[in-house]
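First comes the structure, then the notes that go with it.
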Number of protein chains: 2
Amino acid sequence: MSKAVFYHAGCPVCVSAESGVAGALDPKKYEVEVVHLGEQKGRIPEAEAAGVKSVPALVMNGQTYHINFGASISDLK
Amino acid sequence: MSKAVFYHAGCPVCVSAESGVAGALDPKKYEVEVVHLGEQKGRIPEAEAAGVKSVPALVMNGQTYHINFGASISDLK
């Protein structure tokens, strides 16, 4: 089981990506953690370290995938 | 079973998104078709109609998700 972290900020683009992509991952292979960076600002450094520039973003398999564009990380600080 | 279409152009960003995201979708729920728009230019209009502006992009659940940025659709014509 691999871990996937979906970072978002509650925006409409984020909600769509969460249900449409993060929620579509193979549950036999991925455990998906959903992190709302607007409410959990303490996790912004961790997201930035993973290369997250904007939300929504999915960090998995050692890669960071920005999915469309909702908000910049800098706007969440 | 829902259909998901992954549009790409063979770029490194595309390859990463294909293996990392398109390949991670639940195989019990999604049948993923991979379309190389550089080699199948006849399918560019279909991608544009779905709202694809750049590749890699994943069209599923009636939504279009651009995953990071590899190339603009206009550069593939």
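The values are calculated or read from the model by the stated rules, or taken from the named source; none is laboratory data. What you see is a predicted model, and the numbers here were worked out from it, not measured in a lab. Here Cβ is always computed from backbone atoms with ideal geometry, including for glycine, and neighbour counts include all displayed protein chains. Heads up: the accessible areas ignore ligands, DNA and RNA and are worked out on the full protein's heavy atoms, side chains in. Shrake-Rupley method; radii C 1.70, N 1.55, O 1.52, S 1.80 Å.
Ordered shortest first, which distances in nm separate the 7 Å Cα→C-beta label point of residue B:63 from those of the other copies?
2.0
Treating only the Cβ of Lys, Arg, Asp and Glu as charged (+1, +1, -1, -1), what charge dipole size does the protein assembly as shown show about its Cα centre? Round to the nearest 20 debye.
0 debye
Between residue B:11 and residue A:11, what's the calculated FRET efficiency when r is the beta-carbon distance and R0 is 35 Å? Round to 0.05. Please report the intermediate quantities before stating the final value.
Values: r = 27 Å, r/R0 = 0.78.
Efficiency, rounded to the nearest 0.05: 0.80.
Report the closest approach of any chain A C-beta to the axis of the A-to-B rotation: residue and distance, in whole angstrom.
A:26, 2
For a protection proxy built on the mean count of beta-carbon atoms within 10 angstrom, sort B:43-55, A:49-61, A:3-15 highest first, please.
Listed from highest to lowest mean packing, they are A:49-61, A:3-15, B:43-55.
What FRET efficiency do you get for residue B:43 and residue A:19 if R0 is 35 Å and r is their Cβ-Cβ distance, rounded to the nearest 0.05?
In this case the efficiency is close to 0.85.
Quick one: 3J(HN,Hα) in Hz for the stretch B:30-41, Karplus 6.51/-1.76/1.60 with θ = phi - 60°, rounded, Gly and Pro as x.
Once rounded to whole Hz, the list reads 10, 9, 9, 9, 9, 10, 8, 5, x, 9, 10, 5.
Taking only C-alpha pairs under 8 Å that are 6+ residues apart, what is the relative contact order of chain B in percent? Please report the intermediate quantities before stating the final value.
Details: 133 pairs, mean separation 30.8, N = 77.
Computed over chain B, the figure is 40 percent.
Just to confirm my numbers, what's the Cα centroid distance between the stretch A:1-44 and the stretch B:1-59 in Å?
Here the answer is 20 Å between Cα centres.
Enumerate the amide H contacts of residue A:4 below 5 Å, restricted to partners 5 or more residues apart or on another chain; note that Pro and chain-start residues carry no placed amide H.
Under 5 Å from the amide H of residue A:4 lie the amide H atoms of A:31, A:32, A:33, each far enough along the sequence or on another chain.
Let me spell out the model: positive unit charges on the Cβ of Lys and Arg, negative unit charges on the Cβ of Asp and Glu, origin at the Cα centre of chain A. What dipole size does that give, in debye rounded to 20? Don't skip to the end; give the middle numbers.
Working: 7 positive and 8 negative charges, 19 e Å.
Its charge dipole is roughly 100 debye.
Using a 1.4 angstrom probe on heavy atoms only, work out the carbon and sulfur share of the accessible area of the protein assembly as shown in %. Display every interim value, and only then the final one.
On the way: 3790 of 7280 Å².
Here carbon and sulfur together make up 52 percent of the probe-accessible area.
Please list the non-local residues whose amide H lies under 5 Å from the amide H of residue A:69, H modeled 1.01 Å from N, same-chain partners needing a gap of 5 or more.
none
Let me confirm the definition first: pairs of Lys residues in chain B, 8 or more apart or on different chains, C-alpha distance under 26 Å. How many are there?
So the count of such lysine pairs works out to 9.
For residue B:26, what residues show an amide H to amide H distance below 5 Å, using hydrogens built from the backbone and excluding near sequence neighbours?
Counting only residues 5 or more places away or on other chains, the set is A:25, A:26.
Roughly how much of residue B:28 is accessible, in Å² to the nearest 10, using a 1.4 Å probe?
Its heavy atoms expose roughly 150 Å² to the probe.
Which percent, nearest 5, of DSSP beta bridges in chain A are antiparallel?
Antiparallel bridges: around 55 percent, rounded to the nearest 5.
Using a 1.4 angstrom probe, figure out how much accessible area the protein assembly as shown has per residue, in square angstrom, rounded to the nearest whole.
Per residue, the protein assembly as shown has an accessible area of 47 Å².
How big a patch of accessible area, both sides summed and in Å² to the nearest 100, lies buried between B and A at a 1.4 Å probe?
Interface between B and A: roughly 1500 Å².
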